[in-house]
Amino acid sequence: MNFPIIDLHCDVLYKYEQQEVDFMNAPQLDVNLQNLRGGNVKVQAFAIFINPKIAKVEKIKSALRQLYYFKTYVVRPENKIVHIKNWSDIERLQDGEIGAVLTIEGVDFLEGDIKMWHLFREFGVLSIGLTWNNANEAADGVEEDLGRGVTAFGREIIQLNNKHKVLTDVSHLSEKSFWDVMELADYAIASHSNAKALCSHRRNLNDEQIKAMVAKNAPIHIVYFPMFIVEEGEATLAHLIKHIDHICALGGKNLIGLGSDFDGIDRKVINLENASKHPNLLKELLKYYSEDEVRGFAYQNFLNHLPK
Ligand SMILES: [Zn+2]
């Protein structure tokens, strides 16, 4: 069974900040054209992520360079990769074409200026996580909780996201920021998070958070990073599937999707090392779930919950 894959998170663009390699087949990239095709990936999200340690003036430059890498190396006609600028563009993908979605992981580089939101929407951004782990002008992140939750600027971003059908991503938010987003966002998503009940990493969602996502009909895309799957030792496909089981048990079966975090992770699940390996996960899932259910996890659930 070779279902198409929709993967809501990878960090290729940030990797290009270290080294400009060939997107075609560079072995340094988990997500390259060869691996996308090998894994039957139909839609891949590419995050703009800014290292929080770089100087403030460098942040917008880093974001713009990542936009350049996206346009120069990824979205090329000869790659048959099409930039998805509106959700409805996914329906128009032809056989053999791959859709590329531009997302933001942490709005530090907007520097509190809402005009920058409009500019990056113009560039085609369709999903925004207000923070990475650190706090910024918009919200507190999971490693820097200043007790503010989502700020006035963050609220302004979420209102615009709602109006323009941009997803608001809760992965990486502090707990208070998460609950604020639950209240404010029309289109919430966890693009790459697992279940805290099975692996108590702060990046994972606790049961109350998962139930709130389910109540809101918000997609939860599981992440392939071993640190978020098992508390110690190597992570296997079976370990990852336990997170899917858990989210299903909390009512999320129709909301589960994939958010690999490829190129943002230095350790891998065994047999899930790069984008060509997604089918190994589907094959394992088919031992426990019906074809329809696995099709849902691979791509259909996400399509069913797109902003209308
Ligand atoms: Zn991340």
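Throughout, read-outs are computed from the coordinates displayed, never taken from laboratory work. These numbers come from a predicted model, not from an experiment. Neighbour counts run over all protein chains shown; Cβ positions are idealised from the backbone, glycine included.
Return the sequence-ordered ³J(HN,Hα) values of region 124-137 in whole Hz as given by the Karplus equation 6.51 cos²θ - 1.76 cosθ + 1.60 applied to θ = phi - 60°, using x for Gly and Pro.
Using θ = phi - 60°, the values come out as x, 5, 10, 8, 10, x, 4, 9, 8, 6, 8, 7, 8, 4 Hz.
Under the definition of Cα pairs under 8 Å and six or more residues apart, what whole-number percent is the relative contact order of region 131-207?
On the way: 141 pairs, mean separation 19.7, N = 77.
Dividing the mean separation by the residue count of region 131-207 yields 26 percent.
Taking the convex hull of the Cα atoms, report for region 69-164 its projected area averaged over all directions, in nm². Write down the numbers at each step before the final one.
Working: hull surface 27.9 nm².
Spelled out: convex hull of the Cα atoms, projected over all directions, averaged, 7.0 nm².
What number, in nm² with one decimal, is the all-direction average of the projected area of the convex hull of the alpha-carbon atoms of region 72-231?
Details: hull surface 40.7 nm².
Averaged projected area of region 72-231's Cα convex hull equals 10.2 nm².
For region 1-149, what are the per-bin percents of Cα-Cα distances with bins 10 Å wide, up to the bin holding the maximum?
11, 40, 33, 14, 2
Which ³J(HN,Hα) values in Hz, rounded to whole numbers, follow from the phi angles of region 282-291 under the Karplus curve 6.51 cos²θ - 1.76 cosθ + 1.60, where θ = phi - 60° and Gly and Pro get x?
Coupling constants for region 282-291: 5, 4, 5, 5, 5, 6, 10, 10, 6, 4 Hz.
Which whole-angstrom value gives the distance between the alpha carbon centres of region 223-248 and region 17-32?
So the separation of the two Cα centres works out to 26 Å.
Would you kindly work out the equivalent ellipsoid of the chain from its C-alpha gyration tensor and give its semi-axes, the square roots of five times the eigenvalues, largest first in whole Å?
Details: eigenvalues 133, 111, 68 Å².
Computed over the chain, the values are 26, 24, 18 Å.
Which residue, chosen from Leu281, Tyr16, Val43, occupies the Cα position most advanced towards the positive end of the dipole of the chain, where the dipole is computed from +1 (Lys, Arg) and -1 (Asp, Glu) charges on Cβ about the Cα centre?
Of Leu281, Tyr16, Val43, it is Val43.
Just tell me which lysines come within less than 28 Å, Cα to Cα, of Lys61; anything on the same chain fewer than 8 places away is out.
Straight-line reach from Lys61, under 28 Å: Lys15, Lys53, Lys71, Lys80, Lys85, Lys115, Lys163, Lys165.
Order these peptides, 173-184, 87-98, by their mean beta-carbon neighbour count within 10 angstrom, highest first.
On the way: 173-184: 21.0, 87-98: 12.8.
Ranked from most to least packed, the peptides come out as 173-184, 87-98.
Which whole-number percent is the relative contact order of the chain (Cα, under 8 Å, 6+ apart)?
Values: 648 pairs, mean separation 58.3, N = 308.
Contact order relative to length: 19 percent.
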